[in-house]
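Novice: If you scroll down you'll find the structure; I have some questions about it.
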Amino acid sequence: MAKIIGGITTSHIPAVGNAISDGLTQEHYWKRFFDGYQPVHEWLEEKKPDLIIVVYNDHGLNFFLDKVPTFAIGCADAYQNADEGWGLKPTAPFDGDAEFSWHVAESLINQEFDMCTCQEMLVDHGFVNPMRVLFGDHEVWPIKAIPLAVNTVQHPLPSARRCYKLGQALKVAIESYPEDMKVAIAGTGGMSHQLQGERAGMINVDYDLETIESIINDPDSFADQSTSHIIEQAGTEGIETIMWMVMRGALGEKVTCLHKHYHAPISNTGAGVLLLESDA
Ligand code: DHB
Ligand code: FE
């Protein structure tokens, strides 16, 4: 049977992708941020997951504002990146696993999460940069990856509670896959940031640190927060952190935190890294 071996969080800041391409990861500005991933790299090296589900948000590359699914899952055997600006060079395509995806989609829909199923899906920095900070750059990626998109862009957005419940359903979906497979889940995006308007540039370190603690030990308290409360505290794009709740829901009630790291500011964002294993 497939098994969820752990959950990871990471932001997806475009400038991070450029820092990797330009070989700047050990420069003063970037070093502490990138060093925060070291324990995750060691864990990935040791545990060798077969597949990673990347819970991410699209920023207009695959879904534009005319059509935005609340939740969507890739059901393809490959996913392409493409030029989306930000100075990011397109990466090599990612291998998926359509059979696994269809199993997950069917299970989620049976559990009343009516996913949009995508047999073609362009993945943007929301997906690509998490893959790059976790695995480095590759012509052939060392792991299968499945994009699971959450709308964090066009209101109305799904609530943190709804994302948490999606994660709980995802656990059932993954653990009912008959083939032996080690699955990791990445909850990406966040933490506090706002890229436009009067509060552009705001970061809320105290709120981010509280959010990290509640997502680890008391996810219900984050799930109880409304979308407008999270946006007030963390900024319009800070709402991306709801995607961490999909990962958290999939790990079950109690988790062990193997690593946590926070760095702010990096680009315009407060950035958090978590590595969690389920206690069950
Ligand atoms: C930044 C962060 C984001 O989440 C994003 O999508 C684009 C830019 C930033 O911090 O610059
Ligand atoms: Fe973003």
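The values are calculated or read from the model by the stated rules, or taken from the named source; none is laboratory data. Fair warning: this is a prediction, and the values are worked out from it, not measured in the lab. Please note: Cβ atoms are built from the backbone with ideal geometry, for glycine as well, and neighbour counts cover all protein chains shown. Please note that ligands, DNA and RNA were not included when accessible areas were found on the heavy atoms of the full protein model with its side chains. Shrake-Rupley method; radii C 1.70, N 1.55, O 1.52, S 1.80 Å.
Novice: Just to check your reading of the model, which residue among Val128, Val183 is in contact with a Ser or Thr (Cβ under 6 Å, 6 or more places away or on another chain), surrounded by 20 or more Cβ atoms within 10 Å (Cβ to Cβ) and not in a loop (DSSP other than H, G, I, E, B)?
Specialist: Val128
Novice: Go through the range 109-125 residue by residue and tally those that are of a type in the set (A, V, I, L, M, F, W, C), within 25 Å of Trp141 (Cα to Cα) and part of a strand (DSSP E or B).
Specialist: Restricting attention to the range 109-125, the residues satisfying the condition of being of a type in the set (A, V, I, L, M, F, W, C) are 109, 113, 115-116, 118, 121-123.
Next, only the ones that are within 25 Å of Trp141 (Cα to Cα) stay: 118, 121-123.
Restricting the remaining residues to those that are part of a strand (DSSP E or B) gives 118, 122.
Within the range 109-125, residues that are of a type in the set (A, V, I, L, M, F, W, C), within 25 Å of Trp141 (Cα to Cα) and part of a strand (DSSP E or B) number 2.
Novice: Right, here's the next one. Six or more apart or on different chains, Cβ under 6 Å: which pairs go from a residue in the range 1-19 that's closer than 23 Å to Lys182 by Cβ to one that's open to solvent by less than 10 Å² (accessible area, probe 1.4 Å) and within 12 Å of ligand 2 (Cβ to nearest atom)? Could you list them?
Specialist: Thr10/Pro130; Thr10/Thr188
Novice: Here's another thing I want to ask about it. Those residues that are in a loop (DSSP other than H, G, I, E, B) and closer than 14 Å to Ser11 by Cα, I need them from the range 22-67; list them, please.
Specialist: Once the filter is applied, which keeps residues that are in a loop (DSSP other than H, G, I, E, B) and closer than 14 Å to Ser11 by Cα, the range 22-67 yields Gly36, Tyr37, Asn57, Asp58, His59.
Novice: When Leu170 is evaluated against the numbered criteria (1) open to solvent by 10 Å² or more (accessible area, probe 1.4 Å); (2) not in a strand (DSSP E or B), which criterion, by number, is the only one it fails?
Specialist: (1)
Novice: I would also like to ask the following. Do you know which of the residues in the range 186-200 that are surrounded by 21 or more Cβ atoms within 10 Å (Cβ to Cβ) and among the small types (Gly, Ala, Ser) is nearest to Val54 (Cα to Cα)? Let's see the steps before the verdict.
Specialist: Here is the first cut: in the range 186-200, the residues surrounded by 21 or more Cβ atoms within 10 Å (Cβ to Cβ) are 186-194.
Narrowing further to those that are among the small types (Gly, Ala, Ser): 186-187, 189-190, 192.
On the way: Ala186: 5, Gly187: 7, Gly189: 10, Gly190: 14, Ser192: 20 Å.
Going through the qualifying residues, I end up with Ala186.
Novice: Of the residues Ile203, Ile242, Ile230, only one is more than 18 Å from the chain's Cα centre (by Cα), crowded, with 18+ Cβ neighbours inside 10 Å, within 16 Å of ligand 2 (Cβ to nearest atom) and hydrophobic (A, V, I, L, M, F, W, C); which?
Specialist: Ile203
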